[in-house]
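S.K.: Structure provided below as structure tokens; questions to follow.
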Amino acid sequence: MINKDSDNLVVVDGLTFSHGERLIYDNISLSIPRGKITAILGPSGIGKTTLLRLIGGQLEPDCGHIWFDGHDVPQLSRKELFELRTRMSMLFQSGALFTELDVFDNVAFPVREHTRLPESVIQTLVMMKLEQVGLRGAHHLMPSELSGGMARRVALARATVLDPELIMYDEPFTGQDPISMGVLVSLIHSVNETLGSTSVIVSHDVHEVLSIADYVYVMADKRIIAQGSPEQLRQDQSEQIVQFLKGKPDGPVPFHYPAAPLEQQLRELAGGESAGK
Amino acid sequence: MIANALQQIGRRTFDVLATMGFAVMTYMKVVFGFSRMSVFVPLLIRQMYVVGVQSLLIILVSGLFIGMVIALQGYQVLVSYGAEGSLGPMVALSLLRELGPVVTALLFAGRAGSALTAEIGLMKATEQIASLEMMAIDPLRRVIAPRFWAGLICMPMLATIFTLVAIYGGKLVGVDWLGLDTGTYWSLMQAAVEWKQDIGSMLIKSVVFANVVTWIAVFRGYHAVPTSAGISKATTETVVQASLMVLGLDFVLTALMFG
């Protein structure tokens with residue numbers, strides 16, 4: 001089944017997904033426009049990474065459609081899915097570099113697997129990608145010798161080495177120092193502009209994401225609670241959005257885990273102790 | 001209450017059957033799903049080095065001591081019947097028919113099997129397996145198949161080396177220490193050992209054990225919960241399940257071949 005949408009590379013339509021008995025998404029729909037940076041924001045643990053895995057076909061939804069350039073991802077055979085994945089790539093939160101390969105071989109890995117290019121061409125290509133992320137001089141290092149920020153940049157070079165149409169970033173800024181964060185923000189922006197690719201960033205780092213995204217979805221409570229340009233979201237006065245964007249500790253997302261009132265619990269504890277005596 | 005118990009039994013049975021079905025399907029994909037030979041062969045050679053060559057030391061040392069112990073114990077029993085000349089055949093037959101393949105498989109499960117499970121489990125926990133999938137590269141072909149085939153090829157070789165070293169260990173004790181005649185030790189052994197029944201059974205057993213041990217190791221790693229507790233549990237399960245399977249299958253194979 002083909003459902004071509006010239007403006008959007010990815011269209012999620014009526015998606016419901018559960019992990020075991022826990023409902024993660026309840027009938028959500030969203031579109032990822034071509035050539036733009038789309039951000040998906042939301043608190044930790046609501047399943048933002050799960051959405052990327054669903055788009056990449058690593059998980060299957062309970063119901064709904066996920067269209068990638070007209071192909072319904074959950075309906076594809078394993079072979080078709082693998083063919084489609086050559087057009088997308090993902091930057092994992094941990095970098096997911098292969099620990100037994102050095103930086104050069106990590107970046108060259110997808111090229112050697114999917115093309116028959118001569119080694120001299122691969123060498124030039126990899127060095128150009130490493131130059132783009134500022135790590136040409138680190139090509140001989142092993143992943144264990146890299147800092148977290150450097151590992152993320154190598155992973156970015158690897159994710160873009162075959163010039164994919166869609167690049168998915170899973171929490172690219174998590175655990176980074178301010179300098180690395182700034183470097184990654186500008187790299188993601190420049191990669192998107194240079195390659196003309198479509199980018200999806202899943203994150204909870206509000207300020208960094210709003211500085212580079214063209215369009216933003218905010219997720220909470222198993223659904224999309226707001227969407228729009230970064231400017232529109234900044235103007236949004238709904239309690240949930242204000243709490244999330246300004247990082248307020250209490251609000252619609254409560255600070256306290258649901259429990260009986262403190263007084264009642266203390267009274268019960270005191271009652272139990274005196275009965276014990 | 002009864003309905004709940006039945007429901008639980010049903011769910012567990014279903015889970016076990018689903019896992020077994022998944023294991024068989026994955027096994028078929030691994031055994032018959034090669035990637036390009038130019039990619040597969042270097043990966044296979046590297047894994048043969050890791051699971052085979054790096055297991056050599058423990059195999060050599062264990063083989064030597066086990067052969068020496070069998071000879072020492074055997075000599076004490078045989079000498080009381082005046083049959084110490086049969087030490088050579090006793091050492092060789094017990095090693096070829098039972099101890100060679102069984103002890104090698106147990107050592108292999110502990111040394112290489114646990115390492116395979118932990119390595120694959122960690123690759124899963126650090127998202128390396130997921131990143132392969134996202135790069136449109138099948139991890140079953142790229143990661144699992146070379147490790148499985150390496151185990152399958154190396155274990156019969158290790159069992160052969162173990163048996164040869166153990167027979168030599170038996171000679172060190174029986175001939176060089178206890179004074180048995182060299183000619184008697186080797187010639188009676190040569191006369192007693194048959195190609196098909198003894199050496200053949202050793203090779204068949206070690207191929208079967210290699211299949212079982214390596215498969216349990218790679219499957220447990222691939223199926224591990226990607227947390228430190230999950231990987232630790234998977235590694236323990238590999239050693240326990242592989243060891244029990246080896247001992248159980250050894251009885252079945254012995255009954256089929258010699259019963």
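The values are calculated or read from the model by the stated rules, or taken from the named source; none is laboratory data. Quantities reported herein were computed from a predicted structural model and do not represent experimental measurements. Reconstructed Cβ throughout: ideal geometry from the backbone, glycine too, with neighbour counts over all protein chains shown. The area values use the complete protein model at the heavy-atom level, side chains included, leaving out ligands, DNA and RNA. Shrake-Rupley method; radii C 1.70, N 1.55, O 1.52, S 1.80 Å.
S.K.: Under the Kirkwood approximation for Rh and a Cα-based Rg, what ratio Rg/Rh is obtained for the range B:37-258? Write down the numbers at each step before the final one.
M.R.: Numbers: Rg = 20.1 Å, Rh = 18.6 Å.
For the range B:37-258, the value is 1.08.
S.K.: Could you tell me the relative contact order of chain A? Use alpha-carbon pairs under 8 Å, at least six residues apart, and round to a whole percent.
M.R.: Computed over chain A, the figure is 23 percent.
S.K.: Could you provide, to the nearest whole Å², the per residue accessible area of the protein assembly as shown with probe 1.4 Å?
M.R.: Working: 26250 Å² over 536 residues.
Per-residue accessible area for the protein assembly as shown comes out at 49 Å².
S.K.: Sorted by accessible area with a 1.4 angstrom probe, largest first, how do B:Met123, B:Met28 fall?
M.R.: Ranking B:Met123, B:Met28 by accessible area, largest first, yields B:Met28, B:Met123.
S.K.: So what is the calculated 222 nm ellipticity per residue for chain B, using -39500 (n - 2.57) for each DSSP H run with n of 4 or more, over all residues, to the nearest 500 deg cm²/dmol? Spell out each step's value before the answer.
M.R.: Values: 11 runs with 199 residues, N = 259.
Per the formula, -26000 deg cm²/dmol.
S.K.: Taking all protein chains as present, what is the carbon and sulfur share of the accessible area of chain A, in % to the nearest whole number, probe 1.4 Å?
M.R.: 52 percent
S.K.: Then there is this: Less than 30 Å apart at the alpha-carbon level, and either on another chain or at least 8 residues along: which lysines does that give for B:Lys196?
M.R.: B:Lys171, B:Lys205
S.K.: Add -39500 (n - 2.57) for each DSSP H run of 4 or more in chain A, then divide by its residues: what number comes out at 222 nm, to the nearest 500 deg cm²/dmol?
M.R.: Numbers: 10 runs with 109 residues, N = 277.
After summing the helix terms and dividing by residue count, I get -12000 deg cm²/dmol.
S.K.: Let me check against my output: what whole-number percent is the relative contact order of chain B, with C-alpha pairs under 8 Å and at least 6 apart?
M.R.: 32 percent
S.K.: Same structure, new question: Mind listing P(r) for the range A:1-136? All alpha-carbon pairs, 10 Å bins, whole percents.
M.R.: Taking all Cα pairs of the range A:1-136, the binned fractions are 10, 33, 31, 21, 5, 0 percent.
S.K.: Same structure, new question: On the full set of protein chains, 1.4 Å probe, figure out the accessible area of B:Lys171 and give it in Å² to the nearest 10.
M.R.: Approximately 40 Å² of B:Lys171 is accessible to the 1.4 Å probe.
S.K.: Continuing with the same structure: Taking the alpha-carbon centroid of each part, what is the distance from the range B:31-61 to the range A:130-148 in angstrom?
M.R.: Result: 29 Å between the Cα centres.
S.K.: Describe numerically, in nm with one decimal, the distance between label points set 7 Å from Cα along Cα→Cβ at B:Met1 and at A:Phe98.
M.R.: In this crude label model, B:Met1 to A:Phe98 measures out at 5.8 nm.
S.K.: Now a separate question. Go through the range A:25-71 and flag every residue whose accessible area shrinks by 20 Å² or more with all protein chains in place compared to the isolated chain (probe 1.4 Å).
M.R.: The answer is A:Arg53, A:Gln58.
S.K.: Test of understanding: what is the full-extension gain from A:Ala259 to A:Asp105, defined as 0.36 nm times their sequence separation minus their Cα-Cα distance? Kindly include the intermediate steps, with their values, before the conclusion.
M.R.: On the way: separation 154, 0.36 × 154 = 55.44 nm, distance 5.22 nm.
Contour length minus Cα-Cα distance gives 50.2 nm.
S.K.: Another question, if that's okay. Determine, from the Cβ-Cβ distance of B:Leu60 and B:Arg11 and an R0 of 60 Å, the FRET efficiency 1/(1 + (r/R0)^6), rounded to the nearest 0.05. Kindly include the intermediate steps, with their values, before the conclusion.
M.R.: On the way: r = 48 Å, r/R0 = 0.79.
Efficiency at R0 = 60 Å is approximately 0.80.
S.K.: Just to compare against my own numbers: the Cα pair-distance distribution for the range B:112-240, 5 Å bins, whole % per bin, please.
M.R.: With a bin width of 5 Å, the distribution comes to 2, 11, 15, 15, 13, 10, 8, 8, 7, 5, 4, 2, 1, 0.
S.K.: At the nearest 100 Å², what buried accessible area, both sides summed, do you get for A and B when the probe is 1.4 Å?
M.R.: On the way: alone 14620 and 13570 Å², together 26250 Å².
Buried surface at the A/B interface: approximately 1900 Å².
S.K.: Next up: Within the set A:Lys79/A:Lys129; A:Lys79/B:Lys29; B:Lys124/B:Lys233; A:Lys129/B:Lys124, which residue pairs have Cα atoms separated by over 24 Å?
M.R.: A:Lys79/A:Lys129; A:Lys129/B:Lys124
S.K.: A follow-up question, please. Relative to the present Cα-Cα distance, how much length would full extension add between B:Lys233 and B:Phe32 at 0.36 nm per residue of separation? Provide the component values of the computation, followed by the final result.
M.R.: Values: separation 201, 0.36 × 201 = 72.36 nm, distance 2.88 nm.
Fully extending the segment from B:Lys233 to B:Phe32 adds 69.5 nm.
S.K.: Hey, another quick one. On the protein heavy atoms, probe 1.4 angstrom, tell me the percent of accessible surface of the range B:74-143 carried by carbon and sulfur.
M.R.: 62 percent
S.K.: Quick check: convex hull over the Cα atoms of the protein assembly as shown, volume per residue in Å³, rounded to an integer?
M.R.: 259 Å³
S.K.: Ok, one more. Evaluate the distance, in nm, between pseudo-label points positioned 7 Å from the Cα of B:Asp181 and of A:Arg223 along their respective Cα→Cβ axes.
M.R.: 9.6 nm
S.K.: For B:Leu253, B:Leu6, A:Leu23, what's the largest-to-smallest order of accessible area, 1.4 Å probe?
M.R.: Details: B:Leu253 25, B:Leu6 110, A:Leu23 60 Å².
Result, largest first: B:Leu6, A:Leu23, B:Leu253.
S.K.: Thinking of the range A:136-258 as a set of Cα atoms, what percent of all their pairs are more than 24 Å apart?
M.R.: On the way: 2821 of 7503 pairs.
Taking all Cα-Cα pairs of the range A:136-258, the fraction more than 24 Å apart is 38 percent.
S.K.: Stretch B:Val24-B:Glu194 to full length: gain in nm at 0.36 nm per residue minus the Cα-Cα span?
M.R.: The B:Val24-B:Glu194 span can extend by a further 57.7 nm.
S.K.: Between A:His189 and A:Ser44, what is the label-point separation in nm under the 7 Å Cα-to-beta-carbon projection?
M.R.: Label at A:Ser44, label at A:His189, 2.7 nm between them.
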